[in-house]
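This report refers to the structure that appears directly beneath it.
The values are calculated or read from the model by the stated rules, or taken from the named source; none is laboratory data. Bear in mind that the values here come from a model prediction, so they are computed numbers and not experimental data. Cβ atoms come from the backbone with ideal geometry, glycine included; neighbour counts cover every protein chain shown. SASA here: full protein model, heavy atoms, side chains in, ligands and nucleic acids out. Shrake-Rupley method; radii C 1.70, N 1.55, O 1.52, S 1.80 Å.
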Amino acid sequence: MIRVPVSEQSQIAAARHTAAERAERHGFGTVEVGRVALATTELATNLIKHAGGGEILVGAFDEEDGTGIEVLSLDKGRGIADLAACLEDGYSTSGTNGHGLGAVVRQAHRVEVATWPGLGTALLARFEPGTPPKAKKPSRAGWGAVSVAKEGEAVCGDAFGVIDGHGLRTLMVADGLGHGPEAADAATQAVRVFNRHKDHRVPTLLDYIHGGLRATHGAAVSVARLDGADGRVEFGGIGNVAGVVVTPRDVRRMISLPGTAGHTVRKIQSFDYRLDDGLAILHSDGLATSWSLDRYPGLIRAHPTLIAAVLFRDFWRRRDDVTVLVAGAGPNR
């Protein structure tokens with residue numbers, strides 16, 4: 001994802017340009033690019049007007065729900081007191097004609113919001129080719145992710161993969177050693193091997209990834225396989241890529257063994273955990289481990305990308321690349 005800080009008027013244009021350029025590269029037509037640009041402008045403007053600033057993230061998505069461009073608006077402002085009213089086209093809290101969030105809803109195919117008094121707001125807008133429907137379809141997304149480069153780096157040294165098949169969902173996060181292009185090369189190679197050997201058991205898959213990274217600088221890698229029918233997750237890790245199971249009742253941190261995939265690995269082993277109706281969250285060490293979803297009432301039931309975005313917003317160690325991957329066991333979580 002591309003991150004655009006928005007704390008002053010001049011950065012609104014940067015956010016709009018970033019989103020429009022990404023839409024063009026994704027093959028959107030002129031009208032569709034205009035919708036993305038207009039909505040992103042509204043979101044960036046609202047960050048300054050109502051939240052004292054924030055950040056815009058722009059990326060692509062490709063999943064059962066559809067394929068297209070996603071724009072995240074994140075702030076740590078006062079939150080939205082009356083969300084339903086703010087999502088109505090033409091609503092304004094500033095005495096202007098205001099189109100604001102209502103205009104974003106009109107331009108996007110899907111909009112989802114998480115907001116809390118005093119804890120700010122996270123908004124996800126997704127755009128697909130074609131005219132947005134007036135009646136927005138509910139999301140069936142079973143997973144979502146945020147992946148952002150270290151400040152000052154042009155590429156992210158992390159990467160992730162998600163594969164669905166045979167009633168299982170398999171996740172991987174790779175954190176290339178260091179930062180920049182060489183770290184990105186290692187992480188990207190990990191994804192290639194992951195995709196090539198996806199049907200193997202978790203320890204075997206990790207062993208293949210370890211072997212496939214020998215010509216790179218190496219990476220920390222974790223793999224989780226979610227079984228919705230059995231309500232379990234099998235997890236294995238090499239190095240410092242965290243895996244956590246979060247349910248409405250408790251939090252369980254999964255075991256990753258020491259080492260660097262592609263270089264030094266003493267033991268590869270997987271462990272089983274109860275998943276039940278919970279979520280598996282994998283993240284690189286660019287995210288502080290002190291996070292808890294308990295701080296955000298209702299967030300566990302939000303779109304997985306919003307969960308990842310809120311954790312990124314509040315717990316990113318800015319001196320490192322960061323990836324947060326959130327998933328339930330099946331398409332409907």
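Give the residues of segment 94-121 that are at pLDDT below 90, open to solvent by less than 50 Å² (accessible area, probe 1.4 Å) and either out of contact with any Cys (no Cβ under 9 Å at 6 or more places or on another chain) or closer than 17 Å to Leu72 by Cβ (or both), sorted by residue number.
Listed by number, the residues that qualify are Gly98, Gly100, Leu101, Ala103.
If only one of Gly180, Gly218, Gly212 is free of Cβ contacts under 8 Å to residues at least 60 places away in the same chain and out of contact with any Gly (no Cβ under 7 Å at 6 or more places or on another chain), which one is it?
Result of the check over Gly180, Gly218, Gly212: Gly212.
Filter segment 209-237 down to the residues that are of a type in the set (S, T, N, Q) and buried (at least 24 other Cβ atoms within 10 Å of the Cβ) and list them by number.
Once the filter is applied, which keeps residues that are of a type in the set (S, T, N, Q) and buried (at least 24 other Cβ atoms within 10 Å of the Cβ), segment 209-237 yields only Ser222.
Can you confirm whether Leu206 is modelled with pLDDT of 95 or more, buried (at least 18 other Cβ atoms within 10 Å of the Cβ) and more than 16 Å from Gly157 (Cα to Cα)?
Considered against the rule, which asks whether it is modelled with pLDDT of 95 or more, buried (at least 18 other Cβ atoms within 10 Å of the Cβ) and more than 16 Å from Gly157 (Cα to Cα), Leu206 comes out as yes.
When only residues in segment 129-163 that are among the acidic types (Asp, Glu) and surrounded by fewer than 19 Cβ atoms within 10 Å (Cβ to Cβ) count, which is nearest to Leu205 (Cα to Cα)?
Ranking the candidates gives Glu153 first.
Need a quick list: strands (runs of 3 or more DSSP E) entirely within segment 238-333 having at least 1 residues that are among the hydrophobic types (A, V, I, L, M, F, W, C), buried (at least 16 other Cβ atoms within 10 Å of the Cβ) and over 16 Å from the mean Cα position of the chain (by Cα).
242-246
Just the residues that are touching a residue at least 12 places away in the same chain (Cβ under 8 Å) and among the basic types (Lys, Arg), please, taken from segment 15-54.
If the condition is that a residue be touching a residue at least 12 places away in the same chain (Cβ under 8 Å) and among the basic types (Lys, Arg), then Arg16, Arg22, Arg35, Lys49 are the ones that fit.
List pairs: first in segment 250-270 and more than 11 Å from Ala220 (Cα to Cα), second among the charged types (D, E, K, R) and open to solvent by less than 60 Å² (accessible area, probe 1.4 Å), Cβ under 6 Å, 6+ apart or cross-chain?
These pairs meet every condition: Ser270/Glu234.
For Leu287, state whether it is out of contact with any Gly (no Cβ under 8 Å at 6 or more places or on another chain) and farther than 20 Å from Thr188 by Cα.
no
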